[in-house]
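Participant: Here it is, the structure, as structure tokens.
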Ligand SMILES: Nc1ncnc2c1ncn2[C@@H]1O[C@H](COP(=O)(O)OP(=O)(O)O)[C@@H](O)[C@H]1O
Ligand SMILES: [Mg+2]
């Protein structure tokens, strides 16, 4: 059974997309025994560095195994780079080497995106043709790895970019980490409409949109009421588990040279992250356990 493709998206930055992507990947691999690939589409590279550490990430860049080289190879070289060659396996700093693989991003991705658009515009392409081109190349790459995993999690950049839209269109499900405040809720409703429209127009087929409250502060009554409103509006699409604003989540994101257990890494937040994995599994259709 091919992997379920889940894109982690929010128009806003700093809401916990990358943190959620990596911690979810780790609990799915460790506690649920799933094979997980994290694809980092954000030139800010946070998920890459969180998942693989700065040294390995640097080695991937030097070896030209980051995502920018894949897209660049289609434009400037005769022969496209195999997508599979970007994938680095067993990247996590957790003990027991859970099955988390990474397809890393690099800051150069921004330049590649810009150059690509420029070259297409010069050749008279329209924006939707460029979008289609990116989606096709991305889908071609994904096809070559989709049978190697149970889940592919795509960490998207904030804002609207052609690559984020490609991830939206390719996805079986969308996970939107959201800080439960008023502005985020309004933004979410707008985004949801747009996302569902895009998916239905461009691809057809069933897709899911799931929302996860992040950086949740239960002492803050606004967070409590906004999270409840989201739940009332979204029902099953809203996660019951909420990710608190907690120093142990921020600390887990710092790479450790010495492998650590899940409890050492996530501290007081370990049970919450494990619950996130369980609930994720119950929300997303999946292959039988290995
Ligand atoms: N639940 C949390 N509690 C405390 N800090 C968090 C939490 N989630 C994320 N952070 C911190 O907030 C910052 C932004 O998180 P990040 O996952 O990079 O957001 P995004 O990918 O949406 O831009 C990071 O410094 C991260 O360590
Ligand atoms: Mg991020």
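Each value in this text was obtained by applying a stated rule to the coordinates, not by laboratory testing. This is a predicted model, so every value here is computed, not measured. Positions of Cβ are backbone-derived with ideal geometry, glycine not excepted, and every protein chain shown enters the neighbour counts.
Participant: Figure the gain on full extension for residue 261 and residue 193 (residue separation times 0.36 nm, minus the Cα-Cα span) and round it to one decimal in nm.
Facilitator: Stretched out fully, the residue 261 to residue 193 stretch lengthens by 20.4 nm.
Participant: So if each residue of separation counts as 0.36 nm, and I subtract the Cα-Cα distance between residue 245 and residue 140, what length gain in nm does that give?
Facilitator: Extending this stretch completely gives an extra 34.0 nm.
Participant: Neighbour counts of other C-beta atoms within 10 Å: give me 262, 220 arranged from fewest to most.
Facilitator: If I rank by nearby Cβ atoms, fewest first, I get 220, 262.
Participant: Follow-up. Please find, in a Gaussian network model of the chain (springs between Cα atoms separated by less than 10 Å), the residue of 25, 139, 59 whose mean-square fluctuation is greatest.
Facilitator: 59
Participant: Quick check on the exposure proxy: order 70, 149 from fewest to most C-beta atoms within 10 angstrom.
Facilitator: Least crowded to most crowded, the residues run 149, 70.
Participant: For a paramagnetic label modelled at 7 Å from the Cα of residue 233 toward its Cβ, which residues of the range 162-178 fall within the zone defined by backbone nitrogen distances under 13 Å?
Facilitator: 178
Participant: Let's test the formula: R0 of 41 Å, r as the Cβ-Cβ distance of residue 217 and residue 160. What FRET efficiency results, to the nearest 0.05?
Facilitator: 0.90
Participant: Further question: Among 19, 214, 190, which one moves the most in a GNM of the chain with springs linking Cα atoms closer than 10 Å?
Facilitator: Residue with maximal mean-square fluctuation among 19, 214, 190: 190.
Participant: In nm, what is the difference between 0.36 nm times the number of residues separating residue 31 and residue 186 and their Cα-Cα distance?
Facilitator: That pair, residue 31 and residue 186, stretches by 52.3 nm at full extension.
Participant: Another question, if that's okay. With just the Cα atoms defining each centre, how far is the range 170-232 from the range 106-168? Give it in Å.
Facilitator: So the separation of the two Cα centres works out to 23 Å.
Participant: Give the shape of the chain as rounded, prolate or oblate, defined through the alpha-carbon gyration tensor: a ≥ b ≥ c are the square roots of its eigenvalues, a/c under 1.5 means rounded, and otherwise the shape is prolate if a/b is larger than b/c and oblate if not.
Facilitator: Taking the square roots of the gyration eigenvalues as a ≥ b ≥ c, the chain is oblate.
Participant: How far apart, in nm, are the 7 Å Cα→Cβ label points at residue 64 and residue 224?
Facilitator: Modelled inter-label distance: 5.8 nm.
Participant: Next up: If the elastic network links every pair of Cα atoms under 10 Å, which of 193, 231, 95 fluctuates the most in the Gaussian network model of the chain?
Facilitator: Checking each option, the largest mean-square fluctuation is seen for 193.
Participant: Please report the antiparallel percentage of DSSP beta bridges with both residues in the chain, rounded to the nearest 5.
Facilitator: If we restrict to bridges inside the chain, about 5 percent are antiparallel.
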